[in-house]
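A short write-up of the structure that comes next.
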Amino acid sequence: MASKSRDYAAKANPRNGRCRLISGNWKMNLNHLEAISLVQKLHYSFRESDYHFAEISVHPPFTSLRSIQLLLETDRVPISLGAQDCYFESSGAYTGEISASMLGKLGVRYVIVGHSERRELFGETDEIVAKKANAVIASQMTPIVCVGESMFQREEKQTETVIKSQVEAVVSSMSSELCEELVFAYEPKWAIGSGIPAESQDAVVGANAVRAAVSKYHGEMVANKVRVQYGGSVNSANAKEFLDQAEIDGLLVGGASLTAEAFTAIVQA
Ligand code: PGA
């Protein structure tokens, strides 16, 4: 793969001063050979302007992190490495768990915490999510904190209340300095993997609710620095509409991040 040595840093969005982040959450998909192949294909298909438009991160399963780290470093691929979860303790008798510091050593920059699948299938509470977010920060990485309501909560008009309490659990005991570095992903549970994305205006409501909760503890300046992605059934046909909203700083993409064609089409939307 040809190495590219120029500056590929994402440029700030002139509408709000924040850099966009488009992340591919691969979930429990692709072995390490398939993962290498996908990253190579992505790098071939991204244009220089794509890297300026948004920082792009990929979040493979733990078993592929080392392979992808080596690929990114050796070929100087300007894609950021991400993980999908971590444990909040730094080491010890926690069979099967991976600590944030281990991820940091693998060149990971972003760690998703509190994904709704973790909350639902693995019983993660707001308290656990907050501990994980702090562990990620303590290892000099950035957590992508997922928040979002269920269909029932939406129908009960609890969307903003749910988001507020999920965000507060993470930011209430954090310094403003650390808080402004956070990335949130507003992912309505009913939109994840369902093929039914939120309307862009719903996504804006979600992003505003995140910032309102941050603002309550840290003021508006900090809230305006926090980045908020939208996630849930994002594809190349709807990505632009979300990215066009000044309140939305990027996307967290599941299913459509698993092929180079689909993910590239989203980034270039
Ligand atoms: P989806 O998943 O894009 O497949 O809906 C998004 C996510 O779970 O982060």
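Each reported figure results from applying straightforward, stated rules to the coordinates on display, with no laboratory input. None of the values given here were measured: they were computed from a predicted structure. Quick reminder, even Gly has a Cβ in these numbers, built from the backbone with ideal geometry, and neighbours come from all protein chains shown.
General observations
- Flag if Arg18 is more than 17 Å from the chain's Cα centre (by Cα), in contact (Cβ under 8 Å) with a residue 12 or more places away in the chain and closer than 30 Å to Lys225 by Cα: no
- Counting only helices (runs of 4 or more DSSP H) wholly contained in segment 152-269, the ones carrying 2 or more residues that are of a type in the set (Lys, Arg) and at negative phi occupy 200-223.
- Pairs with Cβ under 7 Å, 6+ apart, first in segment 163-185 and in contact (Cβ under 8 Å) with a residue 12 or more places away in the chain, second exposed (fewer than 15 other Cβ atoms within 10 Å of the Cβ): Ala169/Glu127
- Enumerated helices (runs of 4 or more DSSP H) restricted to segment 21-140, each holding at least 2 residues that are within 16 Å of the ligand (Cβ to nearest atom), in contact with a helix residue (DSSP H, G or I) (Cβ under 6 Å, 6 or more places away or on another chain) and aromatic (Phe, Trp, Tyr): none
- Inside segment 166-197, residues that are of a type in the set (S, T, N, Q), away from the ligand (no atom under 16 Å from the Cβ) and in contact with a helix residue (DSSP H, G or I) (Cβ under 7 Å, 6 or more places away or on another chain) make up a count of 2.
- Flag for Leu72 being surrounded by 14 or more Cβ atoms within 10 Å (Cβ to Cβ), in contact with a strand residue (DSSP E or B) (Cβ under 8 Å, 6 or more places away or on another chain) and farther than 20 Å from Ile22 by Cα: no
- Taking segment 211-235 as the range and being farther than 13 Å from Leu21 by Cα, touching a residue at least 60 places away in the same chain (Cβ under 8 Å) and away from the ligand (no atom under 15 Å from the Cβ) as the test, the residues that pass are Asn224, Lys225.
- Test: residue in segment 236-252 that is within 10 Å of the ligand (Cβ to nearest atom) and surrounded by fewer than 16 Cβ atoms within 10 Å (Cβ to Cβ): no
- Residues satisfying the stated conditions in segment 225-269, i.e. out of contact with any helix residue (DSSP H, G or I) (no Cβ under 7 Å at 6 or more places or on another chain) and within 22 Å of Lys11 (Cα to Cα): Lys225, Arg227, Gln229, Gly231, Lys240, Leu243, Asp244, Ala246, Asp249, Gly250, Leu252, Ala265
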